[in-house]
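Each value in this text was obtained by applying a stated rule to the coordinates, not by laboratory testing. Quick caveat: nothing in here was measured; it's all calculated off a predicted structure. Cβ placement follows ideal geometry from the backbone for every residue including glycine, while neighbour counts extend to all protein chains displayed.
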């Protein structure tokens, strides 16, 4: 059964159960499984410093993340400044040209307390063109507070 065929509340309950019982890696895996993106990551963001908390790569290869670390830091900063940031092709965005990393598609969402500072960035990224479906955006917005609670 596809995730969208399950009632939204049940999807949230399943995500929360996985996060609570198993932690961030399985929770990010669940988020990743709902998309076509290769990677899903959570980064801490404090004092304009970006630190990797957890990365799920569906191909289980760390090298793709390592080669993209500087670009991901720049993308996280853009996400923190804008609340959400989408880049359909990082290779042609003038703000990202100097990084030359292999990421093509990126979606990021800033996490933080209501009206407070950004404390983390949740993102999907891939070396190929990908798009985030509106239903997935709604789901990410709904699970954001759950992830934020788990960071405390």
Tilt of helix 134-151 relative to the longest C-alpha principal axis of the chain, in degrees (0 to 90, nearest 10)?
80
Taking Cα atoms, the helix 69-82 axis meets the longest principal axis of the chain at an angle in degrees (rounded to 10) of 70
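So what is the relative contact order for region 7-151, in percent, with contacts set as C-alpha pairs under 8 Å and at least six apart?
Details: 229 pairs, mean separation 35.9, N = 145.
The normalised contact order for region 7-151 reaches 25 percent.
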If one takes the longest principal axis of the Cα atoms in the chain, at what angle in degrees, from 0 to 90 and to the nearest 10, does the Cα axis of helix 8-22 lie?
80
Residues in region 113-152 near a label at residue 49, defined as backbone nitrogen under 15 Å from the 7 Å Cα→Cβ point?
119-120
Sort 54, 123, 135 so that the residue with the fewest other Cβ atoms within 10 Å of its own Cβ comes first and the one with the most comes last.
135, 54, 123
Neighbour-count ranking for 34, 67 (other C-beta within 10 angstrom, fewest to most) reads 67, 34
Simple spin-label estimate for residue 149 and residue 58 in nanometres, 7 Å along Cα-Cβ:
2.8
I'd like to know how region 1-91 sits against the 2.2 N^0.38 Å rule of thumb: what's its Cα Rg over that expected value?
1.19
